[in-house]
Structure formats: structure tokens, C-alpha cells
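Trainee: Could you have a look at this structure, given as C-alpha cells, before my questions?
The values are calculated or read from the model by the stated rules, or taken from the named source; none is laboratory data. Source: prediction; values computed, not measured. Cβ placement follows ideal geometry from the backbone for every residue including glycine, while neighbour counts extend to all protein chains displayed. Quick note on the areas: whole protein, heavy atoms, side chains included, nothing else; ligands and nucleic acids left out. Shrake-Rupley method; radii C 1.70, N 1.55, O 1.52, S 1.80 Å.
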Amino acid sequence: MIERFEATRYVTSRLTDELVVASLGNPSVDLYNAKDRPRNFHLRNSMGMASSCALGLAMARPKEKVICLDGDGSLLMNLGSLATETVRSPKNLIHIVWDNRSYELTGKQPTATAFRTDLAKIAEGAGFAPDKVERVETMPAFRQAFDRAMGGDGPWFIHALVENNRAKPPRVPFSPAYLKHRFMIALGVEPG
Amino acid sequence: MPWAQDVVAALKAAHVRFINYLPDAMGEQIFRIVREDPSFELLPLAREEEGVGVVCGQALGGVRGALVMPVSGLGNAINALASLAIPYKFALPMIIAHRGALGEFNQAQVAMGQAALDILAALRIPCIELKEEKDVPKLTEGALRLCYSSESPVAIMISTQVAGWKE
């Protein structure tokens, strides 16, 4: 099984100019603690919106890689976004889902992936190319899948089965408007 | 339809490129003009809430998008508006086709259509209603200016008074 923070640190160790969108809770807190940078955008609420936000960003910035760090609970709340992602199929999009099979932060209640649901199969059914959907359970397999996604055209879907650990604090200390402006300033984009 | 041409002209003048949408008969009046204009790109959504995330992502990347949807979709988008567009201060133009109001035939459209203006008011989202054909260019241009200057969601509600109702 993959340790989510270690995998997040691997992602951040490979970053140069890439843009990262993190879902609320564990994906966001791990990203903040692995490496805080202006090109990281954190959802502070809006469960399910990370994938949609990353799609919009990938459409607007076709020359930069956009990495979405999602969770199983969040993606299950917005499964339609997988279908919408493949309508455009942006080559620069890497959608990573940390699947711990639970709503960890609210008391480890099981999500549907604790039963019969397989998010990698859903991604394929939604229209991701089968050779760009990876289901990984070990760190070496995750590193290999992520390196492949960083080096080639997507969209990629990496379904990472992770241990059910709570992200260690501190939480992201920034206000939503600050996160937005910091990100846009880093891209040289005028707010508004 | 002249009102739809005026709305599209205002979107184009405001440099909106992405038209993210859930369709309905009123919206189609807009899409048929947009499809013929290469300065726009259309993105069909599965649910209106996605559109809030998508427009915010497009804005983060420096490209303007709009969300075009029927009023029922406003109900599907509420938490994303309240937790993403509003606190992060994203300019989010929403072009909303009003059902459940003047001329409505379907009782199941009425509650959402009647509540929509109050819901927007409760969220402090300005709502500009397009009721008269002659006012459409000015009101749409003004609503978009407000949206971008305030970095906030703004609703442009298309009334059946201007767009006609379903028979």
C-alpha cells in the first residue's frame, strides 16, 4: 500500500512549472506540507470541485501540465467530471486519486470504493484511454506511473491505493482569496 | 433571436472565450450563435456544479469563461458558489434561463424558478434580469463589467418575457 504523504512528496519533488489543484482535506494538507508553492491551488471546501477546477485550468493553460490531487470521496461526489474531462481530453491533465476507501477526516466511514466500486474502471468507462489509466498499489509503481504521465501526453488517470492515514498538520493557513491571487500572480495573470 | 445575439455580442466584447453549459431551449438560442464564432469554445457539462469549478479553473489560468444553464441548474450549483466562487472571489458570469415563472406549463419547474431570485439574494449574488429586448445589450454589458470589477459571481437571468416560453 502507498503512503499518501510520501507519494505527495514524490509528486512535489518532480515539479518545476506545473500547476497543481488539491482537493479539500488530506490531499490539500499533504500538498501544503510536502512543498508549499504559489502554483499550488487548494480547495478549502467544495467537495468534488478539484477535478472540475483542474479541467478548467488545463483548458486555459494548454502548454503547462496540470496535476489534480483528488480523493475517492471527492471524486465519487463528482463522477460526472470524469466524463466532462474526456469531452475535451486535455493532453496536459494528470488526474491523481488518493483512494483510502473512506471519509477519513470525519471518522473513517467507508466510501463506495471500500465495497465494489473501482475508480480506474470508471475512468476508462468515462473515456480515458486504457493505456493512460494506471491503478497502483506500491510506491515503485506510483513513481513509474507518475513519471510516465509527466513525460507524455494525457489525459492521465492515476488511481493510487493509499493507506488510511490522516494528514499531519499544520493545515493550509491561507485565505481563499489569497490562494487565488497568489496563484494568478505566479502565472502573470490579471485577476478579474 | 436578437436578444441572444446581444448577449453573445456582450460576452465577446468582454473577452469571454469558454461557454460552459447545460442546455435548454433558451440556451440553445445562444449556442447556435456561439458555434459559428471561432472566438468561442463550448464545453458541455454533466452537471451545473461542475461549471462553477470549471469557470474558476479557467479564471485561474487567465481565460474568461461563462456558465450558461437553466434555472434548475442553479440549484445544483449552490454549494460550489457558496464555497468556491464567493470566498475565493472568482468572477463568474452565469447566464440563466428562467423557467418556473411567466408562462410556465410544468408545475415541477415552479418552486425552483420562484425561489431562484431569493436564493441569489441570500448569497448576495447580484442578479440582473433581462426582461425587455431593448435593454439586453446595456444590461448584459453592465452585468459583465460588474462581475469582473468585483471579482464575484453575477447572474444574468433571461426572462421568458424576452425569450418566450415553452408551449
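Trainee: Which distance in nm do the two modelled labels at residue A:121 and residue A:153 give, with both placed 7 Å along the Cα-to-Cβ direction?
Mentor: Taking the two extended label points, one gets 3.0 nm.
Trainee: Give me the percent of the accessible area of the protein assembly as shown that comes from carbon and sulfur atoms, probe 1.4 Å, all protein chains in place.
Mentor: For the protein assembly as shown, the apolar C and S fraction of the accessible surface comes to 52 percent.
Trainee: Work out the length of the dipole vector of the protein assembly as shown about its Cα centre, built from +1 on the beta-carbon of each Lys and Arg and -1 on the beta-carbon of each Asp and Glu, and round it to the nearest 20 debye.
Mentor: Using only the charged Cβ atoms, the result is roughly 880 debye.
Trainee: Along each of its three principal axes, how wide is the spread of alpha-carbon positions in chain A, in whole angstrom units, largest first?
Mentor: Principal axes ranked by extent give 45, 35, 29 Å for the Cα atoms.
Trainee: Which aspartates and glutamates does residue A:63 reach when only Cα atoms under 15 Å apart count, and residues fewer than 8 places away in its own chain are ignored?
Mentor: Residue A:63 reaches A:17, A:18, A:153.
Trainee: Explain nothing, just the number: dipole magnitude of region A:86-166 about its Cα centre with +1 on each Lys and Arg Cβ and -1 on each Asp and Glu Cβ, in debye rounded to the nearest 20. Provide the component values of the computation, followed by the final result.
Mentor: Values: 11 positive and 10 negative charges, 31 e Å.
Result for region A:86-166 is approximately 140 debye, rounded to the nearest 20.
Trainee: Which loop trypsin sites (Lys or Arg not before Pro) in region A:39-87, with loop taken from DSSP, have no more than 14 other Cβ atoms within 10 angstrom of their Cβ?
Mentor: Details: sites: A:39, A:44, A:63, A:65; in loops: A:39, A:44, A:63, A:65.
Sites meeting the loop and neighbour criteria: A:63.
Trainee: Please give me the summed charge of the neighbours of residue B:69: other residues whose Cβ is under 15 Å from its Cβ, Lys and Arg +1, Asp and Glu -1.
Mentor: Result for the local shell: -3.
Trainee: In the full protein assembly as shown, how much of residue A:68 is accessible to a 1.4 Å probe, in Å² to the nearest 10?
Mentor: 0
Trainee: Also, I was wondering about something else. Hey, got a sec? Which chymotrypsin sites (Phe, Trp or Tyr not before Pro) in region B:72-117 land in a DSSP loop and have at most 14 other Cβ atoms within 10 Å? Write down the numbers at each step before the final one.
Mentor: Working: sites: B:88, B:90, B:105; in loops: B:88, B:90, B:105.
Of the chymotrypsin sites (Phe, Trp or Tyr not before Pro), the ones in loops of region B:72-117 whose Cβ has at most 14 other Cβ atoms within 10 Å are B:105.
Trainee: OK, next. Just going by the charge dipole of the protein assembly as shown, with Lys and Arg at +1 and Asp and Glu at -1 on Cβ, which of B:111, B:15, A:170 is farthest out on the positive end?
Mentor: Towards the positive end, the residue furthest out is A:170.
Trainee: Residues of region B:1-114: accessible area per residue at 1.4 Å, in Å²? List each step's numbers first, then the result.
Mentor: Values: 3970 Å² over 114 residues.
It amounts to 35 Å² per residue over region B:1-114.
Trainee: Lys and Arg at +1, Asp and Glu at -1: add these up for the other residues within a Cβ distance under 14 Å of residue A:124 and post the number. Before the final figure, lay out each step's value.
Mentor: Values: positive: A:121, A:132, A:135; negative: A:85, A:118, A:131, A:134.
Around residue A:124, the surrounding residues sum to -1.
Trainee: Express the accessible area of chain A per residue in Å², computed with a 1.4 Å probe while the remaining protein chains stay in the model. Walk me through the numbers before you get to the answer.
Mentor: Details: 7670 Å² over 192 residues.
I get 40 Å² per residue for this part.
Trainee: Could you give the semi-axes, largest first, of the ellipsoid that matches the protein assembly as shown, computed as the square roots of 5 times the alpha carbon gyration tensor eigenvalues and rounded to whole Å? Present the calculation step by step, with values, prior to reporting the outcome.
Mentor: Numbers: eigenvalues 266, 82, 70 Å².
Ellipsoid semi-axes (Å, largest first): 36, 20, 19.
Trainee: Could you tell me the center-to-center distance, by alpha carbons, between region A:1-78 and region A:126-183 in angstrom?
Mentor: Each part's Cα centre sits 6 Å from the other's.
Trainee: On to the next question. For a quick check of your reading of the filter: which GluC sites (Glu not before Pro) in region B:1-57 sit in a DSSP loop and have no more than 11 other Cβ atoms within 10 Å?
Mentor: On the way: sites: B:28, B:36, B:41, B:48, B:49, B:50; in loops: B:36.
Counting only loop positions with at most 11 other Cβ atoms within 10 Å, the GluC sites (Glu not before Pro) in region B:1-57 are B:36.
Trainee: In whole percent, what relative contact order does chain B give with Cα contacts below 8 Å and a gap of six or more residues? Could you put the intermediate results ahead of the total?
Mentor: Values: 311 pairs, mean separation 40.7, N = 167.
That works out to 24 percent.
Trainee: Do the sum for the protein assembly as shown: with -39,500 (n - 2.57) for every DSSP H run of n ≥ 4, divided by all residues, what is the mean residue ellipticity at 222 nm, to the nearest 500 deg cm²/dmol? Don't jump to the answer; show the numbers that get you there.
Mentor: Numbers: 15 runs with 154 residues, N = 359.
Computed mean residue ellipticity for the protein assembly as shown: -12500 deg cm²/dmol.
Trainee: Dipole size in debye (nearest 20) for region A:33-81 around its Cα centre, Lys and Arg Cβ +1, Asp and Glu Cβ -1?
Mentor: My answer is approximately 300 debye.
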